[in-house]
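Here is the structure we will look at, set down as structure tokens.
The values are calculated or read from the model by the stated rules, or taken from the named source; none is laboratory data. Because the structure is a prediction, the values reported are computed rather than measured. When we count neighbours, we look across all protein chains shown, and the Cβ atoms used for this are built from the backbone with ideal geometry, even at glycine.
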Amino acid sequence: MPIDLVPSTTVGCFIDHVPESLTHTVTTPTGHLSRLDPEEVARAVTAFINTTIMSRSRQIQPDDDLEMAGVDSMALLKVLLFIESEFGFWMPDEDLIEENIKTARAMAAYICRRGSQP
């Protein structure tokens, strides 16, 4: 399902079809846009990693280096599938660089940058 992305002039980003728990509703003429909170997105990605990938004794924080924590390529694929299901887009191969996937917070920043591109 394609999504509509709209640039934001404030901190955060606007993206269509986002889980209500991660957004603050914005009243717009179309009535379909929500503002992503980067901190909430980072917490959601962190929670997904902790509940589906990490053991209870090795929980990560949003700024922890995922590779150093033991997140391998198969686990990263699970995270990418989570991003696709929750935020409605796939991260293309050219965006799978350290800057975008090093930490849960970096992934959240990528999601918001992508959402603010024209």
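Residue-level check: of (1) surrounded by fewer than 13 Cβ atoms within 10 Å (Cβ to Cβ); (2) in contact with a Leu (Cβ under 6 Å, 6 or more places away or on another chain), residue 51 misses just (2).
Tell me which residues, restricted to the stretch 82-96, are exposed (fewer than 12 other Cβ atoms within 10 Å of the Cβ) and not charged (D, E, K, R). Correct list: 85, 90, 92.
Restricted to the stretch 68-81, and to residues that are outside any helix (DSSP H, G or I) and in contact with a helix residue (DSSP H, G or I) (Cβ under 9 Å, 6 or more places away or on another chain), which residue is surrounded by the fewest Cβ atoms within 10 Å (Cβ to Cβ)? Looking at the filtered set, the residue picked out is 69. For the stretch 81-95, which positions are under 23 Å from residue 54 (Cβ atoms), in contact (Cβ under 8 Å) with a residue 12 or more places away in the chain and of a type in the set (A, V, I, L, M, F, W, C)? Within the stretch 81-95, 82, 83, 87, 91 meet the criteria.
Residue-level analysis places residue 89 outside the set of residues that are assigned to a helix (DSSP H, G or I) and among the aromatic types (Phe, Trp, Tyr).
Scanning the stretch 97-118 for residues being loosely packed, with under 14 Cβ neighbours inside 10 Å and aliphatic (A, V, I, L, M) gives a total of 1.
Is it the case that some residue within the stretch 97-106 is β-branched (Val, Ile, Thr), modelled with pLDDT under 95 and outside any helix (DSSP H, G or I)? No: zero hits.
Residues of the stretch 50-80 that are β-branched (Val, Ile, Thr) and either closer than 16 Å to residue 111 by Cα or in contact (Cβ under 8 Å) with a residue 60 or more places away in the chain (or both): 79 alone.
Scanning the stretch 4-14 finds no residues that are buried (at least 18 other Cβ atoms within 10 Å of the Cβ) and modelled with pLDDT of 50 or more.
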